[in-house]
Amino acid sequence: MLVQRVVMPDDAESWTVLDDSYDVVEPVEQFLAHQAVIERSPQTVRSYAFDLRDFFWFLHRHKRNWSAVTLEDFGHFVGWLGLPPDARNGFVVTLPSVGPHCSESTINRKLSAVAMFYEFHMRHGVDCGALLTVLRPGGARGRWRPFLAHLGSGRQRYKAIKLRAPRQLPKTLTSDQIKTILGCCERLRDKFLITLLAQTGMRIGEALGLRHDDVDPAHSLIRVRSRLNDNGARVKNGEREIPVSATLIRLYTDYLVDEYGDLDCDFVFVNLWSGLVGRPWRYWNVTDLVARVRERSGVRFTVHMLRHSYATELLRRKVPAEVVQKLLGHASITTTTQTYAHLEIEDIRRALQAVGWLPSPEV
C-alpha cells in the first residue's frame, strides 16, 4: 500500500491511500476527503494517510476486515508497529534486545488517527463494534455521546489502548548551527526564509502564507494574518504582530531587489527559477529546500526546530512566558510553559553558580 498526493480541481492539495492494485482504499478515502472538506491542514491529512496506510497494511497482512476487528487486534497492531520493517513483512525474527521501530509517542499518534477514523465511520452508520472509542447516539437532534456519559459532564472519550510515552523535549539548534545552515543557502529567498523562521518563531504555514502587505519595514513588524491561501498555507491560532530586527528587514529588501524584481505577486515566497514562475511556494518546496541544505551543511534539522530554538532562547534570556506565548501564537500560556519547561545542563549549571551552590569557573 502507498500514500498518494492528490491535487484537486481547484488546485488544493490532499492525500489518499492506494492498495497493491493501485485502487483507492475507499474507507480511508472517505475519511481523508472529509478531513480535506473541513479544511484540515494538508500536512495533517498527509499524516493521517500514512498512519491509516500502516493500519490497513497490518489488516491486509493478517486477513482482517476493517469493520470487524476486535480490541485484541489492536493489541497486535501495537506490537506490530514496534517491529522493524523486515520483521513486519515476516522475513526475519527480531531479538528482544532490538529496540522498537516506532516510539511510544508515534504509536499513540497512529492510534489517535485510527480512533478518529472509526469515530467518523460510526457517525456515518458503520457498525464498528466496541473498538477504541465507545459512542452511542443520543439526544433529540441525534447527537453522539459516549457510553457512560451520564457519569460525568460534557463530551468524554477514552482510548482502550495507549502506551506510556516519555516526554519528548523540543529539539533545538545552536547559533553556530543556524549560521552554518544560512551559509549553505544559495538564494536570498532561501536565506530570508530560514532567517525569518529563526528570528520570529513563525510556523512554516504562516511563513508560506506571508504577503508583502504583511511586512511593515517602517515599524519593523511582521503581521501573521488568517486568510485563505492558494498554496494551502494555514495560520493555526489567530493573528498576531511580531517585532523584527532591522537586519531581517534589510535581508527582505535585498531579496526583493536582487531576486524578486518586477514580479507581480502578493506572496513573499514564490517560484523564481523553476516551475511556474510567481507561483506561491507549497510545503513540499520547503521540504526540498531543507533536504538540499541538510546535505550541504551536515546539520540534521527541520524548520520546526528553528521555532523551538527561538522560543528556548527567549525564555533563556528571561523573556516572560506570556510574551513568548503571544510571539509564538499559542492559544494558551500553558502550552508555552509545558512545551518549553526544560533546561539544558549548562543552564542548570549557570543557575547553581549564580546562587553560589557551585563554584564559578576560573577565569
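The values are calculated or read from the model by the stated rules, or taken from the named source; none is laboratory data. On a predicted model such as this, the values are computed, not experimentally measured, just so you know. As a convention, Cβ positions derive from the backbone with ideal geometry for all residues, glycine included, and neighbour counts pool all protein chains shown. To get the accessible areas, we keep the full protein, side chains included, count just its heavy atoms, and leave off ligands, DNA and RNA. Shrake-Rupley method; radii C 1.70, N 1.55, O 1.52, S 1.80 Å.
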Could you list all residues from segment 326-363 that are modelled with pLDDT of 75 or more and among the charged types (D, E, K, R)? K326
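Conditions tested, residue by residue: (1) touching a strand residue (DSSP E or B) at 6+ places or on another chain (Cβ under 8 Å); (2) modelled with pLDDT under 55; (3) within 19 Å of H34 (Cα to Cα).
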| site | (1), (2), (3) |
| --- | --- |
| G79 | no, no, no |
| D86 | no, no, no |
| L95 | no, yes, no |
| S103 | no, no, no |
| K110 | no, no, yes |
| E119 | yes, no, yes |
| R123 | yes, no, yes |
| V126 | no, no, yes |
Of the criteria (1) modelled with pLDDT of 95 or more; (2) closer than 19 Å to H304 by Cβ, which one N231 fails: (1)
Exactly one of L272, L256 is open to solvent by less than 40 Å² (accessible area, probe 1.4 Å) and modelled with pLDDT of 90 or more, and that one is L272
Looking only at segment 174-226, how many residues end up being free of Cβ contacts under 8 Å to residues at least 40 places away in the same chain and in contact with a Cys (Cβ under 6 Å, 6 or more places away or on another chain)? 0
Restricting to segment 42-76, and then to whatever is modelled with pLDDT of 85 or more and in a loop (DSSP other than H, G, I, E, B), can you tell me which residue is surrounded by the most Cβ atoms within 10 Å (Cβ to Cβ)? R64
Segment 1-33, subset out of contact with any strand residue (DSSP E or B) (no Cβ under 8 Å at 6 or more places or on another chain) and either acidic (D, E) or surrounded by 19 or more Cβ atoms within 10 Å (Cβ to Cβ) (or both), residue modelled with the lowest pLDDT: D10
